[in-house]
1. So what is the relative contact order for segment 131-232, in percent, with contacts set as C-alpha pairs under 8 Å and at least six apart?
2. Measure nothing fancy, just the Cα-based angle from helix 236-249's long axis to the longest principal axis of the chain, in degrees from 0 to 90, nearest 10.
3. Subtracting the Cα-Cα distance from 0.36 nm times the residue separation, let me have the gained length for residue 120 to residue 164 in nm, one decimal.
4. So in segment 1-146, what percent of DSSP beta bridges are antiparallel if you round to the nearest 5?
5. Just to confirm my numbers, what's the Cα centroid distance between segment 1-75 and segment 153-198 in Å?
6. Consider a paramagnetic label point 7 Å from the Cα of residue 105 along Cα→Cβ; state which residues of segment 202-221 have an amide N under 14 Å from it.
7. If you count the DSSP beta bridges with both ends in the chain, what percent of them are antiparallel, to the nearest 5?
8. State the extension gain, in nm to one decimal, for the chain segment bounded by residue 38 and residue 1, taking 0.36 nm per residue of separation less the distance between their alpha-carbons.
Ligand SMILES: NC(=O)c1ccc[n+]([C@@H]2O[C@H](COP(=O)([O-])OP(=O)(O)OC[C@H]3O[C@@H](n4cnc5c(N)ncnc54)[C@H](O)[C@@H]3O)[C@@H](O)[C@H]2O)c1
């Protein structure tokens, strides 16, 4: 039986590409689509592949449309405030989740995780669905494990000028990985005025043009530095990973929140 996947944020940059990728993936079908725009239009027409017979639905009707469309998994690439509302509703409707939205607060993440466990569904939550970023995370963890406090850590990320949240979820995940490996560190976001450097991790966000997503971690010592960099050339890297995760999650143990590293393992 094909995996029936619905999209929330279906008409956005990521949603559009994910719909197209699902249609090209054997064993997957588009069951429903939700967005604040194009409500009532056929999602196939909206993403330029011709009519699919699947209308864009109002997210206010999320639970009932998920049930009537027999959706197995909901893929969410929207904004944090929307995901915080929609993910618990989907979990309550017994639907598995792939969450790509970034910028979720700690409280929002906790309440989404609680809903996933309470309703016994499976989910993948990842700030970055790219396979290359999975390797990048392993490389920075490894580097941090060798380096002591005499190395200062700075993270610089760059994204397109339409990105709403800063710093990126990937930069925050990178900082958390390094902090854990180095025994706990404070984070400082940008610097201005008098701000002598302590033992913090500095995190900096650049926004401009059409940059898909660059992340550089610098380990800076006296007389040397190591830079580890990932550069996304196209959103397709996130699309492939998110669709792979959606197909994978439906057959996993329920009541668990997985990471992209579990999907790739
Ligand atoms: N995890 C990853 O690998 C990854 C990769 C790329 C982007 N992202 C994240 O995905 C999110 C979306 O990125 P994008 O570039 O596609 O943005 P976008 O602005 O192009 O698309 C977002 C879509 O969500 C819709 N939306 C907003 N509020 C909604 C609501 N309440 N209900 C339903 N739909 C709603 C918008 O109308 C829009 O169509 C961002 O948080 C971004 O940081 C994550």
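1. That works out to 39 percent.
2. Helix 236-249 sits at roughly 60 degrees to that axis.
3. Additional length available on full extension: 12.7 nm.
4. 5
5. 34
6. What the label zone holds, given the 14 Å backbone N cut-off, is no residue at all.
7. For the chain, the DSSP antiparallel bridge percentage is about 35.
8. 10.4 nm is the gain from fully extending residue 38 to residue 1.
Every number here is computed from the coordinates shown, using simple stated rules; none is lab data. This is a predicted model, so every value here is computed, not measured. Every residue, glycine as well, gets a Cβ built from its backbone with ideal geometry; the counts of neighbours run over all protein chains shown.
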